[in-house]
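Any read-out appearing in this document is the output of simple, stated calculations on the displayed coordinates, not a laboratory observation. The structure displayed is predicted, hence computed values, not measured ones. Glycine gets a Cβ as well: all are built from the backbone with ideal geometry, and neighbour counts include every protein chain shown.
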Amino acid sequence: MAKPPTSSESPPRRVIPIKVEPASSLKAEERAAVLAACARLKELPGGLLPILHAVQEALGWVPPDAVPLIARELNLSIAEVHGVVSFYHYFRSTPGGRHVLHLCRAEACQALGAAGLEAHAKAALGIDFHASTADGAIRLEPVYCLGNCALGPSLMLDEQIVGRVTPERFDEVVSQARGSR
Amino acid sequence: MSALKVFVPRDAAARSVGADATAAALAAEAAKRGIEIDLVRNGSRGLLWLEPLVEVEIAGRRYAYGPVQAADVAGLFAAGFADAANPAAARHSKALGPTEEIAYLKSQQRLTFARVGITDPTSLDDYLAHGGYRGLAAALALKPAQIVESVTASGLRGRGGAAFPAGIKWKTVLGAPGDLKYIVCNADEGDSGTYSDRMLMEGDPFVLIEGMTIAALATQATRGYIYLRWEYPDAKRALEAAIQAAYAANYLGGNIQGSGARFDLEVRMGAGAYICGEETSLLESLEGKRGQVRFKPPLPALAGLFGKPTVINNVITFASVPIILDRGAEFYQHFGMGRSRGTLPLQLAGNIKRGGLVEIAFGSTLRELLYGYGGGSLSGRPIRAVQVGGPLGAYLPESQFDTPLDYEAFAEIKGMLGHGGVVAFDDTVDMAQQARYAMEFCAIESCGKCTPCRIGSTRGVEVIDRLIAGENASAQETLLRDLCETLTYGSLCALGGLTPYPVLSALNHFPEDFVQSERRKASA
């Protein structure tokens, strides 16, 4: 009777690597934040949006590498999660900016010179929308209505809405933000 | 002597022009002078050009001062604003007299906004003291079908824009079989020029909770969601605090006021997608998916959130329900004209001198609103165009300013009242650029489901660019009109279907703006 081959005499097994642990490129603390958000919220019906909000709140953005991890935790496909992240303007897939400045582009603000303010903002910061200043202080994003339509033009710095924004007021807001963490 | 009651709004609009600093300065100045004050952060009265509007209560009457910046506070105390009998205070340059006597406010019919700006939005006791939860008490004494009947009889139509009769929607949900039904509040107020939902949620969050609870009793629903846009963080805080207080006092939860009825409510945040204000895409978003529009049928009333029967209404619709139950359908129905019953909170915005919230019965005119309330443009130049009903609403020229504010009258002029936003533009506006923006906005916000909306909007921007550049203009205009027809009839929802409204109204009423550059070329 032939003896079953022992490990010492069999040729080395070929292992086809399967990436079982997604998102390995995230830093340990980023990974922990994503997992914590999933653990806390995944039982909610329709919990994906709350989870993405929690991830962005913790990390300042939704890293593309977090997507496979969230997909695994929610038992969704990576495509489904990516589809949701990319659908919503609010979720940011690139990092950058200690402060986020949302500048309103909608009609009520247009009626009070939003287009000129937008040109000023881009020139003053030296960036276009969806980008951050070189010092990493400000990220500029467009927004379509902040609900401050009687006191436009408006912007929102982090969670604070500022109304009646002139170019001078814009510069003040930015320099104050630069001075704070 | 009891503490002096001073009110400084915590409304986001008031905060956007310095209300927090004003409140801090008031507290500091009072402490310095040894005056004991009870500082209430109320909602906004809606006189937004006067924000921060400070009120002081003297002998049960509130006196207004505004706009009061932090730097003005010491001067107010020096003038003796703590004592209204003091004539010096009444003559102060910021003095506006008794708040309720201010003409802008006095001439309004505040039903839905009855408490906004008056009460402390964080205080359930204050809400109860000002007639809160009387509608729920009335509803608890009725059978579900009777509540629905009352809402139907009031003539209340959805205030989100589509103006569908609320009672009929509720009746469908009540009659739909299902062990689980949902009440969903559409608080994704994305239309530019509108802010009534925001003001209400920040200024009187309990009335929305009460309205949704009544809807739950009426349809035997047990779970509710408020889908709130992320741009409203202040409203989120206000709602969550109010929901917590309502749970603590058994106005939410497993045994509402001892009736045995259950209703659970939570706030969910949107993520910056205009399309999620469309009800079916909102439901998709609540389910954790891309906010893509669903085919109808099935109606959400029969198969809505997670496939269950769902009432989905706008903030103002729900918030109008408590007063209907409290005062009776007839009381509410008595306001308004034609098939538009009750009141509509209109919002004056854009280039307007006295922008703010004006809740009046249907039937007034745009002119009255723009000049009577609004006082003309902020810039002092003539008002040339007004966009009513958000980014999908028509641009109206002066010749249409006498149109009555009524759903049907606006439909007749190919416009819409929508959610009641009124955005004024002065004569420096370039209407060709406004038309171009309407197409651009549609391209940015399209959910991508229908081709006319997804691709037609981008083509629309290109055609308008060629039209205003004067490249074979008459052919471009034909093409643009043809494209608009495709959008109108080939789109599933209002985004693609109504984008032609602003585009064509700009083209039809202000054709001169589209030939400017051609003229310029000819004259060069």
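General remarks:
- Under the shape rule built on the C-alpha gyration tensor, where the axes satisfy a ≥ b ≥ c, the protein assembly as shown is rounded, since a/c falls short of 1.5.
- For B:427-433, mean number of other protein chain Cβ atoms within 10 Å: 1
- The distance separating the Cα centre of the stretch B:110-179 from that of the stretch B:260-323 comes to 17 Å.
- Computed 3J(HN,Hα) for the stretch B:5-10, one whole-Hz value per residue from the Karplus formula 6.51 cos²θ - 1.76 cosθ + 1.60 where θ = phi - 60°, is 8, 10, 10, 10, x, 9, glycine and proline marked x.
- Relative packing of peptides A:169-180, B:209-220 - highest average C-beta neighbours within 10 Å first: B:209-220, A:169-180
- In terms of its C-alpha gyration tensor, the stretch B:202-348 has a rounded overall shape, because the principal axis ratio a/c (a ≥ b ≥ c, square roots of the eigenvalues) stays below 1.5.
- Nearest 10 degrees, 0 to 90: helix A:114-125 Cα axis against chain A principal axis: 60 degrees
- For the residues of B:341-351, the average number of beta carbons from a partner chain within 10 Å of their own beta carbon is 3.
- Close amide H contacts of A:His99 (hydrogens built in the peptide plane, cut-off under 5 Å, sequence separation of 5 or more or a different chain): A:Ile138, A:Arg139.
- Selected from A:Val143, A:Val15, A:Val162 as most flexible by GNM, with chain A as the system and alpha-carbon contacts under 10 Å: A:Val15
- Using Cβ point charges alone (K and R +1, D and E -1), the dipole size of the stretch B:196-299 about the Cα centre works out to roughly 320 debye.
- Relative protection proxy for A:70-77, B:224-231, from highest mean packing down: B:224-231, A:70-77 (other beta-carbon atoms within 10 angstrom).
- The stretch B:383-442 shape via C-alpha gyration tensor axes, a/c threshold 1.5: oblate
- DSSP beta bridges fully contained in chain B are about 55 percent antiparallel.
- Residues in the stretch B:1-16 that a label on B:Asp83 would reach, taking backbone N under 19 Å of a point 7 Å out along Cα→Cβ: B:1-6
- For chain A, the spread of Cα positions along the three principal axes, ordered from largest to smallest, is 93, 37, 24 Å.
- Loop-resident trypsin sites (Lys or Arg not before Pro) (DSSP state other than H, G, I, E or B) in the stretch B:250-290 with no more than 12 further Cβ atoms inside 10 Å of their Cβ are absent.
- Cross-link pairs beyond the 29 Å C-alpha cut-off, checked among B:Lys308/B:Lys414; B:Lys143/B:Lys236; A:Lys27/B:Lys449; B:Lys143/B:Lys308; B:Lys32/B:Lys236: B:Lys308/B:Lys414; B:Lys143/B:Lys236; A:Lys27/B:Lys449; B:Lys32/B:Lys236
- Think of chain A as having a plus end and a minus end, set by charges on the Cβ of Lys, Arg, Asp and Glu; of A:His102, A:Val15, A:Leu74, A:Val15 sits farthest toward the positive end of this dipole.
- What you get for chain B, charging only the Cβ of Lys and Arg (+1) and of Asp and Glu (-1), is a dipole of about 560 debye around the Cα centre.
- Taken residue by residue and averaged, Cβ atoms of other chains lying within 10 Å of the Cβ of B:8-21 number 4.
- Neighbourhood net charge (10 Å Cβ-Cβ; Lys/Arg +1, Asp/Glu -1) for A:Ala58: -3
- Neighbourhood net charge (13 Å Cβ-Cβ; Lys/Arg +1, Asp/Glu -1) for B:Val68: -4
- DSSP bridge orientation in the stretch A:68-181 - percent antiparallel, rounded to nearest 5: 55 percent
- Each label point was placed 7 Å from the Cα along the Cα-to-Cβ direction; for B:Glu240 and B:Phe401 their separation is 4.5 nm.
- Among A:Ala32, B:Val315, B:Gly224 the positive-end extreme of the charge dipole of the protein assembly as shown (Cβ point charges): A:Ala32
- Among beta bridges that DSSP assigns inside the protein assembly as shown, antiparallel share in %, nearest 5: 55 percent
- Euclidean distance between Cα centres, the stretch B:192-241 to the stretch B:41-62, Å: 23 Å
- Each Lys and Arg Cβ is given +1 and each Asp and Glu Cβ -1; about its Cα centre, the protein assembly as shown then shows a dipole of about 1100 debye.
- Of the DSSP H helices in chain B, those whose Cα atoms cover at least 15 Å axially and whose Kyte score averages -0.5 or more: B:19-33, B:144-154, B:205-219, B:233-248, B:315-327, B:431-445, B:456-469, B:473-490
- Per-residue [θ]222 nm for chain B (sum of -39500 (n - 2.57) over DSSP H runs n ≥ 4, rounded to 500): -11500 deg cm²/dmol
- Phi angles across the stretch B:36-41 convert, under the Karplus curve 6.51 cos²θ - 1.76 cosθ + 1.60 with θ = phi - 60°, into 3J(HN,Hα) values of 7, 10, 10, 8, 9, 9 Hz, Gly and Pro given as x.
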